[in-house]
1. Show me, for the stretch 345-353, the HN-Hα J-couplings you get by feeding each phi into the Karplus relation (A = 6.51, B = -1.76, C = 1.60, θ = phi - 60°), rounded to Hz, glycine and proline as x.
2. Taking the stretch 175-491 on its own, what percent of its Cα-Cα pair distances exceed 28 Å?
3. Quick one: which of 297-305, 188-196, 18-26 comes out on top by average Cβ neighbours within 10 Å, and what's the full order, highest first?
4. Using amide H atoms built in the peptide plane, which far-off residues or other-chain residues are under 5 Å from L236 H to H?
5. Can you give the charge dipole size of the stretch 5-170 about its Cα centre, rounded to the nearest 20 debye, using +1 on the beta carbon of Lys and Arg and -1 on the beta carbon of Asp and Glu?
6. So how do C70, C388 line up by other beta-carbon neighbours within 10 Å, fewest first?
7. Can you sort K425, K52, K269, K315 by how many other beta carbons sit within 10 Å, fewest first?
8. So what is the relative contact order of the chain, in percent, for Cα pairs below 8 Å that sit 6 or more residues apart?
Amino acid sequence: MDTLNIWFLTGSQDLYGDDALHQVTEHIQKMVATLNESGSLPLPLVEKPVQKSSGQILATIRQAEADPSCGGIVCWMHTFSPAKMWIAGLSVLTKPFLHLHTQFNEQIPFSTMDMDFMNLNQSAHGDREFGYITARMNLRRTVIAGHWSHKETQERIGRWMRSAAAVAESRNLVVVRFGDNMRDVAVTDGDKVEAMITFGWSVPYFGIGDLVDMMGSIPTGDVSALIEEYRSSYTLREGMDEAFFLGQVTEQARIELALEKFLTQQNAKAFSTNFQDLHGMKQLPGLAVQRLMGKGYGFAGEGDWKIAALVRILKRMGEGLEGGTSFMEDYTYNLEPGNMLDLGAHMLEVCPSVAKGRPSLEVHPLGIGDREDPARLVFDGSAGPALCASIIDLGHRFRMVISEVETVDSPHSFDQLPVARVLWKPLPDLITASEAWILAGGGHHTAYSTALDATYLTTFAEMMGIEAITIGDGTSINQFRNELRWNEAYWGRGSLV
Ligand code: MN
C-alpha cells in the first residue's frame with residue numbers, strides 16, 4: 001500500500017488568535033505522528049495546515065482531488081469551524097471522506113481547566129457543526145468517534161483506509177475478458193458502461209487467440225524455472241506417467257507466464273476466462289489462474305467480469321492481512337440436521353491464499369471444456385471466520401450482497417474430489433442465509449475472503465455509492481425482506497447518494 005496517502009485536514013477559524021492556532025498546529029503534529037507510528041494504519045496520514053477559511057478549504061480539497069497519490073481525506077474540527085466555509089470545498093470532493101470525531105485531550109482536567117482551555121478544546125461542538133453540513137449536503141462519508149490515542153480508534157481508521165485504497169484501485173481497474181459472458185447465464189452478465197460510471201472498471205474483450213500467440217513467445221528457460229518454483233511450493237501428486245504429468249504442468253506454466261505478461265501489457269489487475277472459448281488452448285487455465293490469484297490478480301470464471309473485479313478489490317483491501325481472497329462458487333450442500341454446510345469450489349480456479357496447509361499439484365481429466373487434462377492445485381480451505389460477497393446488476397443499479405460465514409475443517413476427507421474446496425457454515429444458519437441470499441438475488445459466483453469482515457465491504461460500498469446488504473448473525477427473513485424493500489425505496493430513485 002505504498003502508493004497512497006491520506007490527507008488530514010483540521011478545521012478552525014481566525015477568531016481565536018495566533019497563539020491558539022499555534023497550539024492547534026502543535027496538537028495536530030503530535031496526533032498525526034502518533035497515528036502514523038501506531039502500526040494500525042496501512043497508509044500514511046499527511047498533515048495539512050489548519051483550515052481557516054472557505055478559499056483555503058476549497059484550494060486544499062482541489063489539491064487533494066488533483067493528486068493521484070491522495071486516497072482520501074480525514075476531517076476533524078479542533079475548535080469551532082463555521083461550516084458554511086466548508087461548503088465550497090466539500091462540493092468538489094469525490095474521494096473517500098472520513099469525519100474523525102476526536103479531541104486532543106483524553107480527559108477533562110477538572111481542577112485546572114479555565115475558559116482558555118474550553119475555547120481551545122471544543123471538538124464536541126465543532127464536529128457537530130461540521131456533521132450538520134455533511135448531513136445537509138448528503139455526502140458519502142464515514143464517521144469514527146473516539147480518542148486518537150486509543151487502539152480501537154486507530155484500528156478503525158486503519159480499516160477505513162483499506163476501504164479507501166480499494167476505491168482508488170476500483171477507479172483504475174482494468175478487467176481483461178478472454179471471451180464474453182457464457183451461454184445464457186444471467187447473473188454473470190451486466191452493464192459494462194454503468195460499471196465504468198459507478199466503479200471505474202474498464203472491461204475490454206480479447207480473443208483467447210491473443211493469449212495463445214503470447215504463449216508461443218515464452219522462453220523455455222522461464223517455463224523450467226517456474227516448474228522448479230512449483231516443486232518448492234507444492235506437493236507433487238504424480239501417480240501417473242511422469243512424462244505425461246510434467247507435460248501437463250508445463251503447459252500450465254506456459255499459460256501462467258503468458259497470462260501475466262498479457263495482463264501486465266494491458267495494465268490489468270483482473271481477468272476472466274470462458275471454457276467455451278478456448279480456441280488454440282490445449283488446457284483450460286487451472287493452475288495458471290490459481291497462481292495469478294495467489295499473486296493478487298482478480299479472477300472469475302465464465303466471463304464473470306464483475307466478480308473478477310470484486311476479487312481484485314478485496315485482495316487490495318486485504319493486502320498484508322492474514323488470510324486470503326479467492327474466486328468461489330456455492331457448489332453443493334450438506335443438509336444433515338445439526339451440521340448443515342455449504343461446499344464452495346469451482347471447476348479448478350480457487351486461490352491458494354485461502355488454503356489450509358500445502359496445496360497438492362495434480363493432473364486430472366476435466367469433463368467440460370473439451371480439452372486435455374489440466375494441472376490444478378488441490379487443497380482444503382483454512383478454517384475460521386470468512387465471508388462471501390457478490391455484486392449483481394439489478395438493471396438500474398448495482399447491489400452488493402455479503403454473507404458472513406464460519407469456515408470449518410471437513411468432518412471427512414475428500415478422496416475422490418480433484419479440486420480445491422472450502423466448507424462453511426453461513427450465519428446465522430444455512431437455511432436462513434440461503435433464503436436471504438436468494439431473496440437478495442445474490443449470484444452463485446462470489447469473492448470469498450478469510451482476510452476481511454463485512455465492515456470493510458460496506459464501507460467501500462458507502463464510498464462508491466452502491467447498495468450493500470449483509471446476511472449474518474442476527475439476520476431474520478422478515479427483517480431482511482423489509483430491508484430489501486426499504487433499500488428499493490431509497491435506491492430505486494436512481495440516486496447515487
Ligand atoms: Mn462458475
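Each value in this text was obtained by applying a stated rule to the coordinates, not by laboratory testing. As the structure is a computational prediction, the values presented were derived from the model and not from experiment. A quick note on method: Cβ atoms are made from the backbone with ideal geometry, for glycine too, and the neighbour counts reach across all protein chains shown.
1. 6, 7, 4, 9, 9, 10, 6, x, 5
2. 38
3. Top of the packing list down: 297-305, 188-196, 18-26.
4. L361
5. 720
6. The order, fewest Cβ neighbours first, is C70, C388.
7. Fewest-to-most ranking of K425, K52, K269, K315: K425, K52, K269, K315.
8. On the way: 1018 pairs, mean separation 63.5, N = 497.
Relative contact order here is 13 percent.
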